[in-house]
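Below is one structure, written out as structure tokens; the observations come after it.
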């Protein structure tokens, strides 16, 4: 089995400094795609202590004020301190563009997609729960139901033999609120709304105080939460981040397609757990490798290869020229039904379908599933 009997995974809120940077990078991407769907974008954002640096390569007909976008995202998340925004953005390298313009991959690399029948989201249960906890924090903060909640926060879930063993929630809060009140509210209104906390070790704000958060307390960087974005470190990761990159960058688009295929193979009963791997050479459209295995190591590569992994085909199938990416930049890129790569689709070459579909019953956190 790919999923170990004991594991720990984490999630962070949209106000975490790394996630702020991811959202700024993807908001810039979306702004470009809104005006010019053929935009080539590779944006990295670094922020901390009142300063944000937006740097990268953009080739587009769009007119974008990077500082305005960055400040807007920051305010929308819930921060009101001032930002000095520095930019250093140039056009895409002609050496890269030469290969992309003929339909080739924007870079070399290895991408992975995973799915499991453990939950209706085809994601590991611990990952679903961790995102549900942090999303619940944001829901309570934005609704005003818990007025002392602040944007920064984290959650961590330890699973043992399929059951929750330990839950950790850390949330930024107003200075006047005491630890006893914070623990009571988090246990009752956050953890208790996501899972049954009986016989579960619960940790809330272990340091005893979390008043300073976001860029006031720490620096952030695009792509520093790639495990939170994907499968919690439970399966391999090729190392390429998603946020700020248009779909010609296979770091992103091929990872989405690998997830799409893994999900299909599990949904069709070919596997209980499936790992899909794909690799590219820069400038070349056809992958140098497509492989897939199930939880026993059985080779499913012939089934995975029935799908078209050429970058242009992925972009067309998953409609990746639409400005949809800022909504992916918090609470995971997978397991959320509103994204095309999370929907069922047939292979490009007909293959034999399995009929022994197996999905275990499990009630996920509904509000997370419906959030864009």
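The values are calculated or read from the model by the stated rules, or taken from the named source; none is laboratory data. Note that this is a predicted model, so its numbers are computed, not measured. Heads up, the Cβs are rebuilt from the backbone with ideal geometry, glycines too, and the neighbour counts pull from every protein chain shown.
Scanning the range 131-182 for residues that are out of contact with any helix residue (DSSP H, G or I) (no Cβ under 8 Å at 6 or more places or on another chain) and in a helix (DSSP H, G or I) yields 134, 138, 141, 142, 143, 179, 180, 181, 182.
Here are some residues: 71, 183, 75. Which one is assigned by TED's automatic domain parsing to the domain that holds residue 32, free of Cβ contacts under 8 Å to residues at least 24 places away in the same chain and touching a strand residue (DSSP E or B) at 6+ places or on another chain (Cβ under 8 Å)?
Numbers: 183 fails: assigned by TED's automatic domain parsing to the domain that holds residue 32; 75 fails: touching a strand residue (DSSP E or B) at 6+ places or on another chain (Cβ under 8 Å).
It is 71.
Taken together, the residues in the range 84-119 that are modelled with pLDDT under 95 and in a loop (DSSP other than H, G, I, E, B) amount to 10.
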